[in-house]
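Heads up, the thing below is written out as structure tokens.
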Amino acid sequence: MIEGFGLALVDILLNVPGKITLNQKHVVSNEMLQIGGVIPTALIFLSRLGLNCLFHSTATSDELGKLINNFLTSESVNFKPIRKIGTTPTAAVVVEQSTGKRTGFYHQGAFADLTVKDMDQIKFAENSKFLLIDAHNFDCSQALAKKAHSQGLTVLLDLGSYKKQAEKLIPLVDVVFVPEAYRQKIAPSQDPAQ
């Protein structure tokens, strides 16, 4: 079993045929809603490969919160929600179809309100081997990494996009995934092979 903890959002994906410029209206060629966040996305991929996955994150009772639950359930990812009052995390992502480049805007909603005390609700399954975390809620990810290690789980960290405190989690984990965008932010002139 692979467990995960991190930010889950409803992504509003907007495809724009031309170049995106500020202070200008753009026609959208198509739009779609999908689940976002590096951890739920990774767990969905692993589930499609036939692995058992369990995801811990906030759940709100609004329509977008129900959508996140439906996305995960339809992909056979077991969802153990941490109930919070507040808004569902959402993102608007605009993609230039001609280049594939994108930009996004997001808010963490109720996920930002999670506390270390809320992590007491998380009970790892007996057959769990791994915990995959992100750095969107540093204190909670730190607490869960320690809890997972105390129970013999291997902890993996996906740094995702650059976040100020994320690197402080590195000593607490066993494996770190560093996306190219993160590397470019912290070492823009270095060759990734070095």
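The values are calculated or read from the model by the stated rules, or taken from the named source; none is laboratory data. All figures in this text were calculated on a predicted structure; none of them were measured in a lab. As a convention, Cβ positions derive from the backbone with ideal geometry for all residues, glycine included, and neighbour counts pool all protein chains shown. Just so you know, the surface numbers come from the protein's heavy atoms only, side chains and all, with ligands and any DNA or RNA stripped out. Shrake-Rupley method; radii C 1.70, N 1.55, O 1.52, S 1.80 Å.
Around the amide H of Leu132, modelled in the peptide plane, lie the amide H atoms of Glu3, Gly4, Phe5, Leu156, all under 5 Å away and 5 or more residues distant in sequence or on another chain.
About its Cα centre, how strong a charge dipole does the chain have in debye, to the nearest 20, once Lys and Arg get +1 and Asp and Glu get -1 at the Cβ?
On the way: 19 positive and 18 negative charges, 39 e Å.
Rounded to the nearest 20 debye, it is 180 debye.
Residue by residue, the stretch 157-167 carries 3J(HN,Hα) couplings of 10, 9, 5, x, 7, 4, 9, 3, 8, 3, 5 Hz when phi is fed to the Karplus relation 6.51 cos²θ - 1.76 cosθ + 1.60 (θ = phi - 60°); x denotes Gly or Pro.
Only loop residues by DSSP count here, and only those with at most 13 other Cβ atoms within 10 Å; note down the trypsin sites (Lys or Arg not before Pro) in the stretch 103-169 that meet that. Don't skip to the end; give the middle numbers.
On the way: sites: Lys117, Lys123, Lys129, Lys146, Lys147, Lys163, Lys164, Lys168; in loops: Lys123, Lys129, Lys163, Lys164.
Those satisfying the criteria are Lys123, Lys129, Lys164.
Structural descriptor for the stretch 1-129: relative contact order 31 percent, calculated from alpha carbon pairs under 8 angstrom and at least 6 residues apart.
Can you give me the % of accessible surface on the stretch 1-151 that is carbon or sulfur? Probe 1.4 Å, all protein chains present, nothing else counted. Walk me through the numbers before you get to the answer.
On the way: 4470 of 8130 Å².
Summing carbon and sulfur atoms, their accessible area is 55 percent of the total for the stretch 1-151.
Note that the stretch 4-17 has calculated 3J(HN,Hα) couplings of x, 9, x, 6, 10, 10, 8, 8, 9, 9, 10, 9, 10, x Hz, one per residue in order, obtained from phi through the Karplus relation 6.51 cos²θ - 1.76 cosθ + 1.60 (θ = phi - 60°); glycine and proline are x.
Per-residue ellipticity at 222 nm from helix content only, as computed over the chain with -39500 (n - 2.57) for each DSSP H run of at least four residues, stands at -6500 deg cm²/dmol. Could you list the residues of the stretch 65-79 with an amide nitrogen less than 19 Å from a label point located 7 Å from the Cα of Met32 in the Cα-to-C-beta direction? From the stretch 65-79, the list is 67-77. Measure off 7 Å from each Cα along the Cα-to-Cβ vector at Asn15 and Ser189, then give the distance between these two points in nanometres to one decimal. Each label point lies 7 Å from its Cα, and together they span 3.9 nm. The label point for Leu51 and the one for Phe138, both projected 7 Å from the Cα toward the Cβ, are 2.8 nm apart.
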